[in-house]
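This report concerns only the one structure given below.
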Amino acid sequence: MTDFIRNITQNPKDNILAGITVSLAMIPEVVAFAFVIQIDPLIALSGAFMVGLITAVFGGRPGLISGAAGAVALIFEDMISEGHSKGLLFDIPIENMGYFYLLAAVVLMGIIQVSAGVLKLGKFVRLIPHPVMMGFVNGLAIAIFIAQVKMFSHKELSLADNGVMQYLNIPMEGTELYMMLGLVALTMGIIWLLPKVTTKIPAALTAILITTGIVIFGGLDVSTVGSYIIEGGGDGLKGELPTPNKDLWQNLPINLGTLKFILPYAFLAASVGLIESLMTMNLVDDLTDTRGDGNRECIAQGAGNIFSGLFGGAGGCGMIGQTVVNINAKGRSRLSGITMALTLLTFILFTDEYIEQVPVAALVGVMFVMVIETFAWSSFRIIRKIPVADAVVLIIVSAVTVIVDLAIAVFVGIIISALVFAWENATKIRARKRVKDDGTKIYEIWGPLFFGSVSGFIEKFDIKNDPERIEIDFVESRVSDHSAIEAISNIVSKYEQVGKSVKLKHLSEECKILLMKGDKKFQKLIIQGIDDPRYHLAANPEKFTKGLYSK
């Protein structure tokens, strides 16, 4: 409690103003994705409030902003659509059945995320290579830029060829387009120039207020937050305080069929949410030279989604764009995230008519600046200097993030990086051969011995032509896994089959344990030494030997 109070009392003015700025910048994105998955914008905004508040208070990364993110929302699009039809399938006379499946999936998503935190899976974010991180940042910046470009259009309800009503984006033209571009440029200009004059007031919030004032007092006919919501089929920002959704348990069929239906979506959403949140946490760590707690963040994200689902809100996760806006506005403590959430609630309950007058151009300008500052421009400079494999990973992750999905992009990047790492290390296995005066042939093994280098290791030995006595010295090698232990055992067995003796030297204690438990003969074959290495294998020897050499 003391740490919490100390944190929120650090630089309160900057953190409060940063939180207000972020809440304004969050509205268009949250509303836009609510329209994409065809839910009421207030459901998404309620989710942004609850997830944002809980993660700000209990999360593992002060300064990280969470809300109803598009990356999570898009996962539920098909589920909601199919959920509507399932209401008819189970003969349940309830409209908007997909919404209740959404709430149940969000709760289950939260439970999965809390479980990940309790199991301390958040630490695995450290396994993400730097090229994947750069590709993630670049891809997300491009995706956010594309989303902002779509704001230069109007939504128009139209009848599709299949007879279904759908929204079409009609590009702005003429004077309206020029005014939009001018206001965006004005907003960006203020954000860049104001810090050169004074840093006492946040540039982004000042730019939004000035641009809004020009639009209101100048009587300019431009797209605003209110008109944007109405164009998408909403009624405006006016809403009520979120309360527990009693209809969820009354209308949703609680059975195994429902679990099977929502589980795949919930698991994927939980994975995407945690990946984006933990990657955003890493970015904030780099920007602020501090370190967050990944496991604590997992639990907070999960708790936020559980409460959001129970209170009728959509799912959410860490939002990199709004987080960068917060950091750039000097929002560093939990107070900025708390302020964002409470300000968002204030907009919904009391000041909706004022916020609806904010021009979309002002918010687009803020997000454009964020995109420019988020994109890792250094990647263009270093791409010819880093290894080709890393450059390929960076480009692939960026492209997949934009084209497909953030989670898939990160998984693809990690898999490619792991395969490249394994291949490069597999080629480093070497064997220096020499013969002692007594005729014993020595194989001095160099390089890592693991699943990828086992084949190369076995090829080093000339079993047929070697002398009667063999000594394998692992002085410059590291035996890393089960495959390596199996390879050593197989080599020894092949030499023994032709009547030759083998001695093993410079093995770690865990290697000795595994070999001896697999076959007692290794007690005589292993040469004990005070200079034996002390590294550990990639698994617990007790678990490893269970069933080992059972053949």
Label-point separation in nm, Glu82 to Ser378, each point 7 Å along Cα→Cβ: 4.3
Solvent accessible area, Å² - Cys298, 1.4 Å probe, full protein context: 0
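For the pairs Lys13/Lys196; Lys123/Lys246; Lys196/Lys330, flag any whose C-alpha to C-alpha distance is greater than 26 Å. Don't skip to the answer; put the middle values down first.
Numbers: Lys13/Lys196 19 Å; Lys123/Lys246 37 Å; Lys196/Lys330 15 Å.
Among Lys13/Lys196; Lys123/Lys246; Lys196/Lys330, the Cα-Cα distance tops 26 Å for Lys123/Lys246.
Can you flag which of Lys441/Lys505; Lys120/Lys517; Lys433/Lys517; Lys436/Lys505 are past 24 Å Cα-Cα? Spell out each step's value before the answer.
Numbers: Lys441/Lys505 13 Å; Lys120/Lys517 31 Å; Lys433/Lys517 29 Å; Lys436/Lys505 15 Å.
Among Lys441/Lys505; Lys120/Lys517; Lys433/Lys517; Lys436/Lys505, the Cα-Cα distance tops 24 Å for Lys120/Lys517; Lys433/Lys517.
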Rule-of-thumb Rg ratio for the chain [Cα; 2.2 N^0.38 Å; N residues]: 1.22
Linear extension gain, Val149 paired with Leu181, 0.36 nm per residue minus alpha-carbon span: 10.4 nm
Computed accessible area, Lys200, all protein chains, 1.4 angstrom probe, square angstrom: 150
Stokes-Einstein translational diffusion, segment 147-284 - Kirkwood Rh over all Cα pairs, 1.002 mPa s, 20 °C, in µm²/s: 107
Kirkwood-type radius of segment 339-497, with distances r between different C-alpha atoms, in Å: 21.3
Highest average packing first - 322-328, 260-266, 189-195, Cβ atoms within 10 Å: 322-328, 260-266, 189-195
Partner aspartates and glutamates for Lys512 [C-alpha distance under 12 Å; skip if fewer than 8 residues away on the same chain]: Asp532
Segment 293-397: equivalent-ellipsoid semi-axes (sqrt of 5 x gyration tensor eigenvalues, Cα, Å): 33, 21, 13
R0 of 22 Å, Cβ-Cβ distance Glu353-Ile214: FRET efficiency to nearest 0.05: 0.70
Difference of contour (0.36 nm per residue) and Cα-Cα distance, Leu259 to Arg434: 56.6 nm
Interatomic Cα distance distribution for segment 1-153, bins of 10 angstrom, percent: 9, 28, 35, 22, 6, 1
Gln497-Lys123 pseudo-label distance in nm [points 7 Å out on the Cα-to-Cβ vector]: 4.1
Thr290-Lys238 FRET efficiency (beta carbon distance; Förster radius 45 Å; 0.05 resolution): 0.70
Fraction in percent of alpha-carbon pairs per bin - 5 Å, segment 212-332: 2, 8, 11, 14, 15, 16, 14, 10, 7, 3, 1, 0
Accessible-area value, Ser85, 1.4 Å probe, nucleic acids and ligands omitted, Å²: 60
Simple spin-label estimate for Thr9 and Trp192 in nanometres, 7 Å along Cα-Cβ: 4.1
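Could you order the peptides 140-149, 362-371 from most to least packed, using the average number of other C-beta atoms within 10 Å per residue? Kindly include the intermediate steps, with their values, before the conclusion.
Numbers: 140-149: 19.5, 362-371: 25.1.
Packing order, densest peptide first, comes out as 362-371, 140-149.
The values are calculated or read from the model by the stated rules, or taken from the named source; none is laboratory data. This structure is a prediction, so every number in the text was calculated from the model and none was measured. Please note: Cβ atoms are built from the backbone with ideal geometry, for glycine as well, and neighbour counts cover all protein chains shown. SASA here: full protein model, heavy atoms, side chains in, ligands and nucleic acids out. Shrake-Rupley method; radii C 1.70, N 1.55, O 1.52, S 1.80 Å.
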